[in-house]
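Inspection log for the structure reproduced underneath, given as structure tokens.
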Amino acid sequence: MNILSRKSGDYMRNLWLLVAIQATVAAASLVVEIVAGRMLAPYVGMSLYTWTSVIAVVLAGFSAGHWVGGRLAEWTPDRALRANGWAMLAASASTAGAVFILRNLSGPVITSVPNPVASIVILTALVFFLPSFFAGIPAPILSMIAVTYHPERRGRALGAMFAAGAWGAILGTLAAGFVFISWLGSTGTLAVVAAIYALLGLQSLVAARGLPGAAMGGAALLLPLGLTVGALNLPDPCTVESNYFCIRVIETSDGPSELSRLLVLDHLVHGAADRDDPRAMLTPHAMMLDGLARLRMEDRAAWAAYFIGGGSYSVPRAWRALGTPAQVTVAEVDPAVTEVAISSFWYEPGDDRIVHADARQTLLRESTMYDVIIGDAFSDIAVPQHLITREFFELVRARLNTDGVYLMNIIDHNDRLEVLASMIATARAVWPTVEIWANPGHDPAENRRVFVMVAGEGPSSRSQIHHDGPMPLSAIRVAASSVDAIVEAREPVVFTDDFAPIDRLLGDQGEG
């Protein structure tokens with residue numbers, strides 16, 4: 001007998017079919033949760049606050065959906081299945097539409113909400129609450145049907161439905177992280193989820209009403225189908241979407257020649273390079289990392305340098321052009337970043353050693369000694385905590401030769417400087433000398449500021465450095481008395497592997 005001509009809902013009596021549907025919905029909803037973090041990254045970064053907001057919003061959506069689904073589950077099975085079908089079609093449409101909502105609302109939300117944490121929460125809720133809400137409705141409906149149709153084993157039926165939700169969530173998480181995003185990207189993954197929701201919605205309508213349900217569902221599919229096709233045809237905000245970052249290459253006229261480019265990882269500039277002059281340092285923090293490293297090594301015929309992160313590889317590229325006698329090792333966790341540096345930022349690795357692995361694990365695993373270790377870990381409110389702790393600094397010091405030096409960029413806000421004070425306190429717990437350098441040409445209207453910390457066995461030989469290339473820049477060493485005053489006026493935290501509240505210290509800052 002044709003399934004469409006059966007009595008409404010007959011084939012939904014199969015417990016294992018209900019289990020499979022529940023597992024599929026749970027898997028798809030967790031895929032959306034993982035994708036949410038990646039989609040938000042180009043606009044608000046990938047921080048503790050981003051993931052906290054995503055998890056909270058998705059759980060709030062599930063909770064509200066479960067509550068509504070519980071009310072709907074009290075209806076007759078046919079009527080509840082119809083409601084489930086429409087909920088799934090709504091989940092499909094809201095999932096496909098998430099791309100449009102994010103693209104159109106991200107700018108207004110970020111500019112109108114000055115607190116960065118609040119803007120992350122609001123934007124996440126606007127984009128991902130509804131997909132989670134509608135995806136939360138089926139669980140109680142399907143569970144009630146399972147119990148109703150199998151009263152003699154209702155306990156096992158209910159347990160199977162709960163287990164299906166948990167296993168589906170696990171499989172969805174693994175599929176998103178290891179399969180879908182890597183192969184399809186964020187938008188393509190959402191398109192697959194929207195299609196799955198739509199098919200499940202159609203299936204419920206067919207089960208509830210036979211041919212009339214199929215006709216209604218088929219007509220309703222036009223909306224999510226149109227949104228999905230439209231989302232797939234939107235311009236991709238990422239030049240490359242890797243397993244770690246949304247990588248963007250942006251051409252700019254700020255360099256000395258006709259062609260310069262910025263490297264943006266998620267939503268922050270991580271490097272810049274000029275096509276015709278590799279010596280050009282287009283950002284103050286790159287100039288300081290370059291100039292201070294060469295200052296500390298100026299009396300050496302040859303030295304070894306270890307870079308934590310590659311970015312646009314502008315400093316290794318400049319050193320090659322300048323004939324700097326440095327043996328370079330770069331630990332860059334994302335191979336795609338290196339590929340983009342080579343293809344779009346004119347970097348030629350040559351004899352440079354590149355390790356595609358976590359920088360801390362590489363230092364821990366290898367016993368190689370270095371004269372200079374350069375850390376570029378800060379990226380707005382998203383900072384790898386394991387690269388700023390006392391234990392990590394102790395590892396860095398153990399890998400430095402006599403009179404070796406550690407350089408690290410620090411981003412903070414001039415009106416607070418709590419992060420800077422804590423970084424100084426943490427470094428002072430390991431090194432006898434800690435200096436802070438800054439660009440004197442900093443725009444006072446910009447509250448966010450980049451510093452470079454220099455930690456070693458002794459002070460630098462000069463208090464100023466100049467980059468006299470095509471883009472002249474300078475940096476000064478902040479007076480020791482001023483550095484002491486910054487620390488003493490605050491209650492700095494010595495960051496450890498057990499406690500490093502860097503996200504809170506950065507996220508609490510206002511936009512001055």
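The values are calculated or read from the model by the stated rules, or taken from the named source; none is laboratory data. What you see is a predicted model; the values in this text were computed from it and never measured. Using ideal geometry, Cβ is built from the backbone for each residue, glycine included, and neighbour counts are taken over all protein chains shown.
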Next on the checklist: Looking for something of a type in the set (Val, Ile, Thr) and either at positive phi or in contact with a His (Cβ under 8 Å, 6 or more places away or on another chain) (or both) - is there at least one such residue anywhere in the stretch 428-451?
Outcome noted: yes
Checklist entry - Which residues, taken from the stretch 140-162, are more than 22 Å from Ala64 (Cα to Cα), within 41 Å of the chain's Cα centre (by Cα) and without any contact (Cβ under 8 Å) to a residue 40 or more places away in the chain? => result Arg156
Checklist entry - If you check every pair at least six apart or on different chains, which have Cβ atoms under 9 Å apart with a residue in the stretch 482-494 that is over 13 Å from Glu435 (Cα atoms) and in the same structural domain as Glu391 (by TED's automatic domain parsing) first and a residue that is in a helix (DSSP H, G or I) and acidic (Asp, Glu) second? => result Arg490/Glu418; Glu491/Glu418; Pro492/Glu418; Val493/Glu418
Next on the checklist: Looking at (1) at pLDDT 95 or above; (2) in contact with a Leu (Cβ under 6 Å, 6 or more places away or on another chain), which one does Ala377 not meet, given that it meets all the others?
Outcome noted: (1)
Checklist entry - Taking the condition surrounded by fewer than 19 Cβ atoms within 10 Å (Cβ to Cβ), modelled with pLDDT of 95 or more and in contact with a helix residue (DSSP H, G or I) (Cβ under 6 Å, 6 or more places away or on another chain), does Ala429 pass? => result yes
Next on the checklist: Here is a list: Ala421, Ala398. Which entry is surrounded by fewer than 18 Cβ atoms within 10 Å (Cβ to Cβ), among the small types (Gly, Ala, Ser) and at pLDDT 95 or above?
Outcome noted: Ala398
Checklist entry - Among the candidates Leu126, Leu130, Leu89, Leu81, which residue alone is in contact (Cβ under 8 Å) with a residue 12 or more places away in the chain, hydrophobic (A, V, I, L, M, F, W, C) and within 29 Å of Leu505 (Cα to Cα)? => result Leu126
Checklist entry - Mind checking whether some residue in the stretch 119-139 is in a helix (DSSP H, G or I) and more than 27 Å from the chain's Cα centre (by Cα)? => result yes
Next on the checklist: Restricting to the stretch 358-399, count the residues that are touching a strand residue (DSSP E or B) at 6+ places or on another chain (Cβ under 6 Å) and among the hydrophobic types (A, V, I, L, M, F, W, C).
Outcome noted: 7
Next on the checklist: I need the full set of residues from the stretch 483-494 which are exposed (fewer than 13 other Cβ atoms within 10 Å of the Cβ) and touching a strand residue (DSSP E or B) at 6+ places or on another chain (Cβ under 8 Å), in order please.
Outcome noted: none
Next on the checklist: Condition check: among the aliphatic types (A, V, I, L, M) and over 19 Å from the mean Cα position of the chain (by Cα). Does Ala98 satisfy that?
Outcome noted: no
Checklist outcome for this item: Selection from the stretch 271-299 of residues in contact with a Gly (Cβ under 6 Å, 6 or more places away or on another chain) and surrounded by fewer than 23 Cβ atoms within 10 Å (Cβ to Cβ) yields Arg279
Item to check | Unmet requirement for Phe307, which otherwise passes all of (1) more than 18 Å from Ser460 (Cα to Cα); (2) part of a helix (DSSP H, G or I); (3) out of contact with any Phe, Trp or Tyr (no Cβ under 7 Å at 6 or more places or on another chain) | outcome: (2)
Checklist entry - Given the conditions (1) over 30 Å from Ser257 (Cβ atoms); (2) assigned to a helix (DSSP H, G or I); (3) modelled with pLDDT of 95 or more; (4) aliphatic (A, V, I, L, M), and given that Ala341 satisfies all but one, which numbered condition is not satisfied? => result (1)
Item to check | helices (runs of 4 or more DSSP H) enclosed by the stretch 175-248 - at least 1 residues per element that are at pLDDT 85 or above | outcome: 181-209
Checklist entry - Which residues, taken from the stretch 18-50, are surrounded by fewer than 23 Cβ atoms within 10 Å (Cβ to Cβ), out of contact with any Ser or Thr (no Cβ under 9 Å at 6 or more places or on another chain) and at pLDDT 90 or above? => result Val19, Ala20, Ala23, Thr24
Next on the checklist: Taking the criterion of being aromatic (Phe, Trp, Tyr) and under 25 Å from the mean Cα position of the chain (by Cα), would at least one residue in the stretch 360-380 satisfy it?
Outcome noted: yes
Next on the checklist: Would you confirm whether or not the stretch 97-119 contains a residue that is in the same structural domain as Val31 (by TED's automatic domain parsing), touching a residue at least 24 places away in the same chain (Cβ under 8 Å) and among the basic types (Lys, Arg)?
Outcome noted: yes
Next on the checklist: Among the residues of the stretch 52-74, are any modelled with pLDDT of 90 or more, of a type in the set (Asp, Glu) and not in a helix (DSSP H, G or I)?
Outcome noted: yes
Item to check | Selection from the stretch 438-452 of residues that are part of a loop (DSSP other than H, G, I, E, B) and not charged (D, E, K, R) | outcome: Asn439, Pro440, Gly441, His442, Pro444, Ala445, Asn447
Item to check | Among the residues listed as Gln327, Gln361, the single one being outside any helix (DSSP H, G or I) and surrounded by fewer than 18 Cβ atoms within 10 Å (Cβ to Cβ) | outcome: Gln327
Item to check | Single residue of the stretch 150-165 satisfying the filter (of a type outside the set (A, V, I, L, M, F, W, C) and assigned to a helix (DSSP H, G or I)) that is nearest to Val31 (Cα to Cα) | outcome: Gly165
Checklist entry - Does Arg279 satisfy the condition of being of a type in the set (Lys, Arg) and over 18 Å from Tyr406 (Cβ atoms)? => result yes
Next on the checklist: Contact list please: Cβ distance under 7 Å, first residue in the stretch 346-365 and within 13 Å of Arg320 (Cα to Cα), second residue among the aromatic types (Phe, Trp, Tyr), pairs at least six apart or on different chains.
Outcome noted: Tyr347/Tyr313
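Each row is one residue, and each column tells you yes or no for (1) outside any loop (DSSP other than H, G, I, E, B); (2) hydroxyl-bearing (Ser, Thr, Tyr); (3) under 25 Å from Pro116 (Cβ atoms); (4) at pLDDT below 95.
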position: Val454; (1), (2), (3), (4): yes, no, no, no
position: Ser461; (1), (2), (3), (4): no, yes, no, yes
position: His466; (1), (2), (3), (4): yes, no, no, yes
position: Met471; (1), (2), (3), (4): no, no, no, yes
position: Ser481; (1), (2), (3), (4): yes, yes, no, no
position: Asp484; (1), (2), (3), (4): yes, no, no, no
position: Phe499; (1), (2), (3), (4): no, no, yes, yes
position: Gly510; (1), (2), (3), (4): no, no, yes, yes
